[in-house]
Amino acid sequence: MNITWLEARDFRSYETLRFEPDEAVNVLVGDNGQGKTSVIEAIGYLGTTKSLRGVADEALIREGTSSAVIRGAFDGRASETVIECEIPMEGRRKILVNGKRPTRMRDVLTTVSMVAFLPDDLDLVKRGSAIRRGYLDDLAARLWPQAAAVQTDYDRALRQRNALLKQEGRATDSLTLDVWDERLARAGAQVLQHRRAVATNLQPHLEEAYLVVGGSGKLRWSYRSTWGSDGVRDNDDLAEAFMAALATRRGKELEIRSTTVGPHRDEPELMLDGRNARSMASQGEQRTTALALRIGSYRLIEEVRDQTPILLLDDVFSELDPSRAARVLDLMPTGQVFVTTAREDEVPIRGRRWSVRDGKVLP
């Protein structure tokens, strides 16, 4: 998978941008604040339909303008796909795939294979469970189109059930709540199945990546459910376990007017040699764990989809010593790579160099 050209208007610091990258390695060199990360983020937005840094769409629009536009062409195995995004300061954004609105926004996720390494990746280890739930769900959506559909169904059922509880409280009609319980349980069981499938398929890549980059240690997932699903494998049995948990908690949920059990409350954790990496690993071990997560996702996407993802490396090498940086690159199959750096000598990889300054990308 390659991006063959990128255009942007009023995106971040760029009034206009036209970039035709090399199909192999592209190193974007420039001082801080010159627009290196904005190039990475434009590519990432086209492939994920959201900011890689998790900022609101409005923050991506150049100051003093009313909208931003990003366009790019992605060359896969069989054909080229052109994706266009218009991000307005007010109103709904507009996304086109080959000139047409996609039937489902999630289709973009399975059109573009992409993995990004960011300075904030340490949050995957150090922050709360929500960010790790998001990692598993995002990777599932990239691997299997139906996973994104199930996540949408679960989120919709959860919003509707919570809205009913918030509005009615103890006066909530039990038959209506039963309907939402069933919908939530059916979708929730599938969400958990997809998370388990990601964790299982990711495990060998995760272990290898941590061992190669870190030198020693065994890294694995630990998934603690909030609804009695541990050890249950059949989808129908999972749904029944979820409904039973909802029935047990109904009195409390009517009182507090919120859904307290389900995949949205589960706690996936990363264990390093049996220790919780979030609370007991050193800073260096946590950073290696974050790298292993991204390397593992890169290799799993390539394995499942039989396509080498585009690799985005935003200021990654400044945090790594030369030997560890070399080991990271050894685990990556050959494909299109984008690297940002303020110091060219920090990047242990050959490729085409681009100078980024004053809102321009120059060869």
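Some values worked out for this structure:
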read-out	value
Two-decimal Rg to Rh for region 203-311 - Kirkwood Rh, Cα set	1.10
For region 243-257, 3J(HN,Hα) per residue [Karplus equation, 6.51 cos²θ - 1.76 cosθ + 1.60, θ = phi - 60°, Hz, x = Gly/Pro]	5, 5, 5, 5, 5, 5, 8, 4, x, 5, 5, 5, 6, 8, 6
Trypsin sites (Lys or Arg not before Pro) restricted to region 86-128 and DSSP loop, no more than 15 other C-beta within 10 Å	ARG92, ARG93, ARG104, ARG127
Counted charge near ARG71, where neighbours are those whose Cβ lies closer than 12 Å (Asp, Glu -1; Lys, Arg +1)	0
Hydrodynamic radius of region 121-306 per Kirkwood, over alpha carbon pairs, in Å	17.4
Considering only the chain, percent of DSSP beta bridges that pair antiparallel, nearest 5	70
Cα-Cα over 28 Å, subset of LYS50/LYS252; LYS50/LYS126; LYS100/LYS360; LYS36/LYS218; LYS50/LYS100; LYS36/LYS94	LYS50/LYS252; LYS100/LYS360; LYS36/LYS218
Charge dipole (debye, nearest 20) of region 257-363; +1 at Cβ of Lys and Arg, -1 at Cβ of Asp and Glu	260
Cα convex hull volume per residue for region 201-244 (Å³)	77
THR260 paired with ASN98, simple spin-label distance in nm, labels 7 Å along Cα-to-beta-carbon	5.0
SER113 long-range amide H proximity, modeled H, under 5 Å	ILE310
Alpha carbon convex hull of region 266-363, volume per residue in cubic angstrom	164
Leading residue at positive end of dipole, region 121-306 (Cβ point charges), from LEU184, LEU122, ALA292	LEU122
Cβ-placed point charges (K, R +1; D, E -1), dipole of region 315-363 about Cα centre in debye, nearest 20	240
Solvent-free Debye scattering, log10 I(q)/I(0), computed from the Cα coordinates of the chain at q = 0.08, 0.14 Å⁻¹	-0.44, -1.22
Shape call, region 19-125: gyration tensor on alpha carbons, a/c limit 1.5	rounded
³J(HN,Hα), Karplus 6.51/-1.76/1.60, whole Hz, each residue of region 192-202, x for Gly, Pro	5, 4, 5, 4, 5, 5, 4, 4, 5, 6, 6
Under Karplus coefficients 6.51, -1.76 and 1.60, residue-wise ³J(HN,Hα) of region 221-238 in Hz, glycine/proline x	8, 10, 10, 9, 8, 9, 9, x, 9, 4, x, 8, 10, 5, 4, 5, 5, 5
Net charge dipole size for the chain [Lys, Arg +1 and Asp, Glu -1 on Cβ; Debye, nearest 20]	500
Contact order relative to length of region 287-363, as percent, for alpha carbon pairs under 8 angstrom and 6 or more apart	28
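No value in this document is a laboratory result; all are computed from the given coordinates. Please read all numbers here as calculations on a predicted model, not as lab measurements. Note that we place each Cβ from the backbone using ideal geometry, even for glycine, and neighbour counts take in every protein chain shown.
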